[in-house]
Amino acid sequence: MADEVNAKITDSVTQVTLSTVGLAPAQAMATLYQTSSAAVAIALQNAVHAQNNQYTISNAVMVEAISLLLHSPSSSATAAAQKMDAGLAGIVARITGLEQALGGDEDKKK
């Protein structure tokens, strides 16, 4: 048995070891950058998703608020008052027309 190792084999093993040790820091940094960028991308996706949810909630709140305004008793009272005002204006116009037809303008001339 030979106790000596061929110099070419020793040189080859040394080169592989140095190559592995020499590339380790670069590989570690590459892994760090890749995982950091993936974490940032997920954080941005979460932010967009949260913004979308907030937009949906704000739209639902706005629709509900408008619905409450349109169907509240105070808005019904306002609508009823406006209808009464319009009805009274129509009655006044009819009375004025009747007065003119009956000669009510003569009282104004005196």
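Every number here is computed from the coordinates shown, using simple stated rules; none is lab data. All values derive from a computational prediction rather than experimental measurement. Positions of Cβ are generated from backbone atoms using ideal geometry, with glycine treated the same way; all protein chains shown enter the neighbour counts.
Taking the criterion of being within 28 Å of the chain's Cα centre (by Cα) and exposed (fewer than 10 other Cβ atoms within 10 Å of the Cβ), the only residue of segment 69-82 that qualifies is HIS71.
Listed here are the residues, each with its yes/no results for (1) among the hydrophobic types (A, V, I, L, M, F, W, C); (2) exposed (fewer than 10 other Cβ atoms within 10 Å of the Cβ); (3) touching a strand residue (DSSP E or B) at 6+ places or on another chain (Cβ under 8 Å); (4) part of a helix (DSSP H, G or I).
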{"residue": "ILE9", "(1), (2), (3), (4)": "yes, yes, no, yes"}
{"residue": "VAL63", "(1), (2), (3), (4)": "yes, no, no, yes"}
{"residue": "SER67", "(1), (2), (3), (4)": "no, no, no, yes"}
{"residue": "MET84", "(1), (2), (3), (4)": "yes, no, no, yes"}
{"residue": "GLY87", "(1), (2), (3), (4)": "no, no, no, yes"}
{"residue": "LEU98", "(1), (2), (3), (4)": "yes, no, no, yes"}
